[in-house]
Amino acid sequence: MMLQKVIYQILLPFLFLFLAPSQWIKMLRRKDATGSVLQRLGFFNQQIKNLLTAQSRGLWIHAVSVGEVAIAIRLIREWRRRYPRLPIFLTTTTNTAQAVARRELGDTVALTYNPLDFIFSVRSFFNLIHPRVLVLVESELWPNFLWEAKRRKVPVALVNARLSLTAERRYRMLQPIIRPLYDHLDIICLQSEADRERLLALGARPETLIVADSMKFDVSEVRDTHVAIREVNTLLNRASVPDTARILLGGSTHPGEEQILARVYLRLRQKHPELFLIICPRHFERAKKIEHELTQLGLRVVRRSLLGDPLADVQPLPNTPDVLLVDTTGELKRFYAAAHITFVGKSLTGHGGQNFLEPVQYCHPVIVGPHVENFAEIASHFIRERAIIQVADQAALESAVERCLSDPAYAEAVAMRAQSLFHKRLGATRRTIEALDPFILPAVSD
């Protein structure tokens, strides 16, 4: 083990300099580039130092990006409810994750960038906050973090963990390096039984593994949809879209998928004139390019930004467009609520797929492409139970939308199966909290 540590410390600077230049570029492009880089190297200004030391000997949660931060926020709110006096620190890697955490949590937690895995930066952070428990969200297994936690006898938990088949094959090649890292984890809350079997095969200790299901279900849960539906209906009326329209929604679309949806829409509209297309691209900055592409196909496009605030008194458009292009942020859930059929993007022309767990709750069929790697286990479960529709290409997408339009009973059955399956899998947050309680309670009782 000592030899491994020495080799790692020698190789780590080269790893960061030559294998991860994109990460340095991203760090240097941030608004607060100097501050974030210094924090990641373990250097903090006096204000941050005072904040961290004032909240020392608490719970440290690390979440890399926005998806992991959403899970961390869910856990933090539950811990705040149970243990209001427990100091909590949250570190993130990306700038966007920092912004989301700051917006959602305010000053209820101490928030900084995560230190890089250099021994001096890791020890600097540990020296400032003296954590009682370290909670890693999903996949962040950095050796110096784990070795330092072990040295200081700080329990480490990995939550909402998953191990894809691809990752398992990669880890098998590095098993002599990876296996000892799992020995430094006191508890691992996993998303599925398949994840448990893969980790066991890699040498993880059975007593540390708990299948808690995926917290993505809890994070994605929606409650009151009446306001969202009312606001979207107001916008559609403002666009002169008739109340009888059937909404085909492309959510979180990626390049190429807007044109595929448009071609499907043009063909199906000949048989189903009540069909109306709404496109919510994953990156709203692409709106101008998308509008040009759709116009080239002969479609009349109106941008969401031209329709104003749903609560304002705005005159409706004189003519109904063919497509509503959502060029604003934070409104996708609202449009999911009012759709009749949803296609979830980054799954036909992209890779990995976007989150389909929000639209399946709105009682309409959801369609995905072949690429759902980011949600592999969850997607396979929904597909196996016929709770979402998976298509291979444009022709299959057209066929699936056509069937949903022509066979309302089929569309309703898919939607009802999805809703039922979703609600059966809620509760991972509670199970994770309960599993971590033996590690959290000593920090609370001090």
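Between Glu412 and Glu385, what's the calculated FRET efficiency when r is the beta-carbon distance and R0 is 22 Å? Round to 0.05.
The calculated FRET efficiency here is 0.90.
Under a crude label model (7 Å from the Cα following the beta-carbon direction), how far is Arg430 from Asp313 in nanometres?
4.8 nm
³J(HN,Hα) across segment 137-142 via Karplus (A = 6.51, B = -1.76, C = 1.60, θ = phi - 60°), whole Hz, x for Gly/Pro?
In residue order, the calculated couplings are 9, 6, 8, 8, 10, 9 Hz.
State the percentage of accessible surface on segment 86-200 attributable to carbon and sulfur atoms; use a 1.4 Å probe and exclude ligands, DNA and RNA.
C and S fraction of accessible area: 53 percent.
If you take the beta carbon distance between Asp183 and Asn45 as r and set R0 to 30 Å, what does 1/(1 + (r/R0)^6) give as a FRET efficiency, to the nearest 0.05?
Efficiency for this residue pair is about 0.25.
With each pseudo-label sitting 7 Å past Cα toward Cβ, what's the Glu402-Thr244 distance in nm, one decimal?
Between Glu402 and Thr244, the label points sit 2.3 nm apart.
Just to confirm my numbers, what's the Cα centroid distance between segment 374-446 and segment 325-345 in Å?
Between the Cα centre of segment 374-446 and that of segment 325-345, the gap is 18 Å.
With a 1.4 Å probe and all protein chains left in place, how much accessible area per residue does the chain have, in Å²?
In whole numbers, the chain has 46 Å² accessible per residue.
What's the local net charge at Ala409, with K and R +1, D and E -1, over the other residues with C-beta under 14 Å away?
After counting each charged neighbour, the total is +1.
What number comes out for the charge environment of Glu104, summing +1 per Lys or Arg and -1 per Asp or Glu over other residues with Cβ under 11 Å away?
Within the 11 Å Cβ shell, the charges total +4.
Roughly how many debye, to the nearest 20, is the charge dipole of segment 370-412 about its Cα centre, given +1 on each Lys and Arg Cβ, -1 on each Asp and Glu Cβ, and no other charges?
Once rounded to the nearest 20, the dipole reads 100 debye.
Report the full-extension gain for the segment Ile10 to Ala392: residue separation times 0.36 nm, less the Cα-Cα distance, to one decimal in nm.
132.9 nm
Along the charge dipole of the chain, Cβ charges K/R +1 and D/E -1, which of Phe43, Gln394, Gly308 sits furthest on the positive end?
Phe43
How much length would be gained if the chain were fully extended between Thr320 and Arg152, taking 0.36 nm per residue of separation minus their Cα-Cα distance, in nm to one decimal?
Length difference between fully extended and current span is 53.9 nm.
Which shape class, rounded, prolate or oblate, goes with segment 206-277 when its Cα gyration tensor gives a ≥ b ≥ c as root eigenvalues, a/c under 1.5 marks rounded, and past that a/b bigger than b/c marks prolate?
oblate
Mind jotting down the distance between the C-alpha centroids of segment 289-310 and segment 125-150, whole Å?
Cα centroid to Cα centroid, the span is 48 Å.
At 0.36 nm per residue, minus the direct Cα-Cα distance, what do Arg172 and Asn127 gain on full extension? Give it in nm, one decimal, please.
12.8 nm
Which residue, Val159, Gly353, Pro115, has the largest displacement toward the positive end of the dipole of the chain when charges sit on each Cβ (Lys, Arg +1; Asp, Glu -1)?
Looking along the dipole axis, the top candidate is Pro115.
Can you give the accessible area of Tyr171, probe radius 1.4 Å, in Å² rounded to 10?
Here the residue's solvent-accessible area equals roughly 50 Å².
Quick check: net charge around Leu299, other residues with Cβ under 12 Å of its Cβ, Lys/Arg +1 and Asp/Glu -1?
Within the 12 Å Cβ shell, the charges total -1.
Using heavy-atom solvent-accessible surface (probe 1.4 Å) with all chains present, what is the largest-first order of Thr94, Thr429, Thr166?
Ranking Thr94, Thr429, Thr166 by accessible area, largest first, yields Thr166, Thr94, Thr429.
Rounded, prolate or oblate: pick one for segment 140-202, where a ≥ b ≥ c are the square roots of the eigenvalues of its C-alpha gyration tensor, a/c under 1.5 means rounded, and failing that, prolate if a/b is larger than b/c, else oblate.
Cα axes put segment 140-202 in the oblate bin.
Can you give the FRET efficiency for Ser56 and Arg263, using 1/(1 + (r/R0)^6), R0 = 56 Å, r = Cβ-Cβ distance, to the nearest 0.05?
Plugging the Cβ-Cβ distance into 1/(1 + (r/R0)^6) gives 0.45.
With the cut-off at 25 Å, tell me which of the pairs Lys150/Lys216; Lys49/Lys153; Lys288/Lys346 have Cα atoms farther apart than that.
Check vs 25 Å cut-off fails for Lys150/Lys216.
Any idea which of Ser380, Gln296, Leu185 is furthest toward the positive side of the dipole for the chain, if Lys and Arg beta-carbons carry +1 and Asp and Glu beta-carbons -1?
It is Leu185, whose Cα lies furthest towards the positive end.
How large, in percent, is the carbon and sulfur part of the accessible surface of segment 347-427 at a probe radius of 1.4 Å?
Answer for segment 347-427: carbon and sulfur cover 52 percent of the accessible area.
Is segment 151-255 rounded, prolate or oblate when judged by the Cα gyration tensor, a ≥ b ≥ c being the square roots of its eigenvalues, rounded requiring a/c under 1.5 and prolate requiring a/b larger than b/c?
Prolate shape, in that a/c is at least 1.5 and a/b is the bigger ratio.
Taking the Cα centre of the chain as the origin, how large is its charge dipole in debye, to the nearest 20, when only Lys and Arg (+1) and Asp and Glu (-1) carry charge on their Cβ atoms?
The dipole magnitude comes to about 1080 debye.
Report the charge-dipole magnitude of segment 195-354 in Debye, nearest 20, computed about the Cα centre from +1 at each Lys and Arg Cβ and -1 at each Asp and Glu Cβ.
460 debye
The values are calculated or read from the model by the stated rules, or taken from the named source; none is laboratory data. No experiment lies behind these values; they were computed from the predicted model shown. Using ideal geometry, Cβ is built from the backbone for each residue, glycine included, and neighbour counts are taken over all protein chains shown. Please note that ligands, DNA and RNA were not included when accessible areas were found on the heavy atoms of the full protein model with its side chains. Shrake-Rupley method; radii C 1.70, N 1.55, O 1.52, S 1.80 Å.
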